[in-house]
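Here is the structure we will look at, set down as structure tokens.
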Amino acid sequence: MSCRLFTLLLLATAAVTLAADTAVAQITAERSEKGMMVKIDGKLFTEYLVDFGGTPVLWPIIGPTGKPMTRAYPMGEGPNERKDHVHHRSIWFTHGEVNELDFWSKETIKHRKFAKIESGKQAVIVTINDWLAPDGKKVCEDQRTLTFGTDGDARWIDFDITVKATEGPVKFGDTKEGSFSVRVAGTMKETAELGGRIVNSEGQTSKDAWGKQAAWVDYHGPVDGQTVGIAVLNHPSSFRFPTYWHVRTYGLLTANPFGLHIFEGPESDGSHTLAQGQTMTLRYRVLFHRGDEKSGKIAEAFAAYSKEEK
């Protein structure tokens, strides 16, 4: 083989390799019977269910290994799951005391419409939702902007929520029951004793991470024999950053900036009232990754996320 031909073959091989390395996944948002299906290169990532048990939820969540990463119950069934807390629904947002109404476990958040749907290198879904009292009277509304992306084989969802007081004053009460929540797969939870572990940005782990302020929390453990993790990152522009965390060894991972009298003590009051027309915005990135928080580079991921303008 001539030197020139050998050089051309090397260049061609390098070009093919570079193209493969720089290929960008195509993410699509497609209407479904239950809401909106999100796919990565034609394969399911998650489905936005506009109504399950009276509130919108994301389920299932397919992680980088191709396996579900959140608890299936009560939408379905999965391995090593306890059928407790029927109001814990994969990934969801609500609160346990809004004008003294319990949206965490009882009242309805009704999907009104999809305001925006985009597909491409990232997918975007914007929804408008009404918070309703038992008599059907509207209490307030929210706009949720969900952005879906990839970083290598890791996957992420930005969940930006703006609550607006449209019907008069709205008080988010001081309770640990809420607000932005994930219930991890049954095999990942610490109490399964299969290797699950909670760790936050301050280095606090397990039960010591409960009720603490942190920029992020990672919950990792095995799914079908492979260690994977779910990290929730709190953007610095989010209301009351860094948030407190209602994170439990039985698999609950919740960002809650309101429950201060539980987290800090009875002298504290974490309630927040919006006057008519006022808004409150909370911002989170949920990162689905391989390995623990170190191999998943969660600290580095937060550093990059925190620099993004919102």
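Only the coordinates and a few stated rules stand behind these numbers; no lab work does. Only a predicted model underlies this, so the values are computations on that prediction, with no experimental measurement involved. Using ideal geometry, Cβ is built from the backbone for each residue, glycine included, and neighbour counts are taken over all protein chains shown.
Data for the structure
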quantity: Most fluctuating residue given options LEU253, LEU132, LEU58, as computed from a GNM of the chain linking Cα atoms under 10 Å; calculated: LEU132
quantity: Set of lysines with alpha-carbon distance to LYS207 below 26 Å, sequence-local pairs under 8 removed; calculated: LYS83, LYS176, LYS189, LYS294, LYS297
quantity: Approximate spin-label separation LYS138-SER105, in nm, with each point projected 7 Å along Cα-to-Cβ; calculated: 2.9
quantity: Low-density loop positions, GluC sites (Glu not before Pro), segment 54-112 - DSSP coil, at most 15 other Cβ in 10 Å; calculated: GLU77, GLU100
quantity: Approximate spin-label separation GLU193-LYS116, in nm, with each point projected 7 Å along Cα-to-Cβ; calculated: 4.9
quantity: 0 to 90° range, to nearest 10: angle between helix 3-21 axis and the chain longest Cα axis; calculated: 10
quantity: Base-10 log of normalised Debye intensity for segment 84-160 (one unit scatterer per alpha-carbon) at q = 0.12, 0.16, 0.26 Å⁻¹; calculated: -0.43, -0.70, -1.20
quantity: Segment 25-306 - percent relative contact order, Cα under 8 Å, separation 6 or more; calculated: 17
quantity: Cα convex hull of segment 63-125, projected area averaged across orientations, nm²; calculated: 6.6
quantity: Residues HIS88, HIS111, sorted so that the one with the fewest Cβ neighbours within 10 Å comes first; calculated: HIS111, HIS88
quantity: Scaled radius of gyration (Cα, divided by 2.2 N^0.38 Å) that segment 121-193 gives; calculated: 1.49
quantity: Most mobile of ASN80, ASN200, ASN234 in a GNM of the chain (Cα contacts under 10 Å); calculated: ASN80
quantity: Gaussian network model of the chain, Cα within-10 Å springs - most flexible of GLY168, GLY149, GLY178; calculated: GLY168
quantity: Neighbour cut-off at most 11 other Cβ (10 Å), DSSP loop, GluC sites (Glu not before Pro), segment 224-310; calculated: GLU267, GLU309
